[in-house]
Amino acid sequence: MVRDDILESLAALGFSTNEARAYRCLLMESPATGYEIAQRAGVPRSAIYAVLKRLEDEGLAARVEETPARYAPLPPSDLLGVLRRRFDGSMKSLDDSLRKLKAPPPPVDLWNVSGYDEVLSRSEALIAEAHKHIFISVWRREASSLQRVLEAADKRKVRLITFSFCALDHLPGTLPGRVYSYGLSENDLEAFWKHKIILVVDHKRALMGEAEPNAVSKAVVTGHPAIIEVALNNIALDITLLSQRRNVDATDSMVEMLGDRLGSLDPLVTQANQPKIAAPKR
């Protein structure tokens, strides 16, 4: 570690700036007087003896000579053990105290995301966390940005289903998984629609929102079951309509997305499509 790294690490472990400077100085050259430590470490002379007293009280430095008083540091190997025991004790104490608190109501799992780059960043993070399924409705531009992380998910054996109104066949490579696309020109669509992203991961997390780099894009990320249901149904409906218009069999995708609900829906659809027989007139 370079010297600055040592100061930063000591500060992160609870040392004040002057304590970290004094301890690091002692590691470099000791024993040393308070005056020498102040000069070498850049600690004000008016503060150095209070700093050394705190290090002594905490067992991190020791007075090894009395006339004049000279100080030596606790060896680094011992320091790590002391800090580890101290923090383990503090963590246990905190854990015990937290367990005694009355649990508050669960927080609302709904996070606002603002800005195009942040919307894409949160989308990438969700995709990177996926274990089983990714369902996404996306435009070509955003599909290109997310292609790398989608390919990584595919290598982890995550099942991917993508819907897009845009043509996706000119991306740098083919999107993995099953892709349902109308193949329309992104430029033509931009004349009357804004870019959107709808993403559902493992049926547990969802992102829905705008994806416009030249505007203040806004989206939400949530684990709320009702919003996940809305996002999932939106993608499923678009794929269903495409399959009907293009005569594409999307049954397997619907099973993955909707599960048992698809089987419950089939009898209703079959019944609705049967011709109505008028009752005989009397």
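One table, with the values for the structure above:
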| item | result |
| --- | --- |
| Checking TRP111 against (1) assigned to a loop (DSSP other than H, G, I, E, B); (2) within 30 Å of ARG205 (Cα to Cα), the condition it does not meet | (1) |
| So LEU13, is it under 30 Å from MET91 (Cβ atoms), of a type in the set (A, V, I, L, M) and exposed (fewer than 15 other Cβ atoms within 10 Å of the Cβ) | yes |
| Within the stretch 190-221, tally of residues that are buried (at least 18 other Cβ atoms within 10 Å of the Cβ) and either hydrophobic (A, V, I, L, M, F, W, C) or assigned to a strand (DSSP E or B) (or both) | 14 |
| Boolean, ALA219 is within 22 Å of GLU190 (Cα to Cα), of a type outside the set (Asp, Glu), at pLDDT 90 or above and assigned by TED's automatic domain parsing to the domain that holds LYS132 | yes |
| Residues (more than 25 Å from PRO225 (Cβ to Cβ) and among the aliphatic types (A, V, I, L, M)) located in the stretch 121-148 | ALA143 |
| Among the residues listed as LYS100, LYS132, LYS92, the single one being basic (Lys, Arg), loosely packed, with under 14 Cβ neighbours inside 10 Å and in the same structural domain as PRO213 (by TED's automatic domain parsing) | LYS132 |
| Every residue from the stretch 153-194 that is farther than 14 Å from ALA143 by Cα and of a type in the set (Phe, Trp, Tyr) | TYR182, PHE192, TRP193 |
| Whichever residue in the stretch 18-58 is part of a helix (DSSP H, G or I) and touching a Cys at 6+ places or on another chain (Cβ under 8 Å) and, among such residues, is surrounded by the most Cβ atoms within 10 Å (Cβ to Cβ) | ILE37 |
| Matching residues, the stretch 242-258, being part of a helix (DSSP H, G or I) and loosely packed, with under 12 Cβ neighbours inside 10 Å | GLN244, ARG245, THR251, ASP252 |
| Residue match in the stretch 170-178 (condition: over 25 Å from the mean Cα position of the chain (by Cα) and among the charged types (D, E, K, R)) | yes |
| Hits in the stretch 119-140 - residues which are touching a residue at least 12 places away in the same chain (Cβ under 8 Å) and either aliphatic (A, V, I, L, M) or over 30 Å from ASP252 (Cα atoms) (or both) | VAL119, LEU120, LEU126, ILE127, ALA128, ALA130, ILE134, ILE136, VAL138 |
| Condition check for ALA143: part of a helix (DSSP H, G or I), over 14 Å from the mean Cα position of the chain (by Cα), closer than 16 Å to LEU199 by Cβ and in contact (Cβ under 8 Å) with a residue 12 or more places away in the chain | yes |
| Yes/no for GLU151 being within 24 Å of ASP252 (Cα to Cα) and out of contact with any helix residue (DSSP H, G or I) (no Cβ under 7 Å at 6 or more places or on another chain) | yes |
| Subset of the stretch 237-258 [touching a helix residue (DSSP H, G or I) at 6+ places or on another chain (Cβ under 7 Å) and touching a residue at least 60 places away in the same chain (Cβ under 8 Å)] | ILE239, VAL248, ALA250, SER253, MET257 |
| Members of the stretch 65-77 found to be modelled with pLDDT of 85 or more and not in a loop (DSSP other than H, G, I, E, B), listed by number | ALA69, ARG70, TYR71, ALA72, PRO73 |
| Filter pass, LEU160 being touching a residue at least 24 places away in the same chain (Cβ under 8 Å), surrounded by fewer than 21 Cβ atoms within 10 Å (Cβ to Cβ) and in a strand (DSSP E or B) | yes |
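The values are calculated or read from the model by the stated rules, or taken from the named source; none is laboratory data. Predicted, not measured: the structure shown is a model, and the values here were computed from it. Here Cβ is always computed from backbone atoms with ideal geometry, including for glycine, and neighbour counts include all displayed protein chains.
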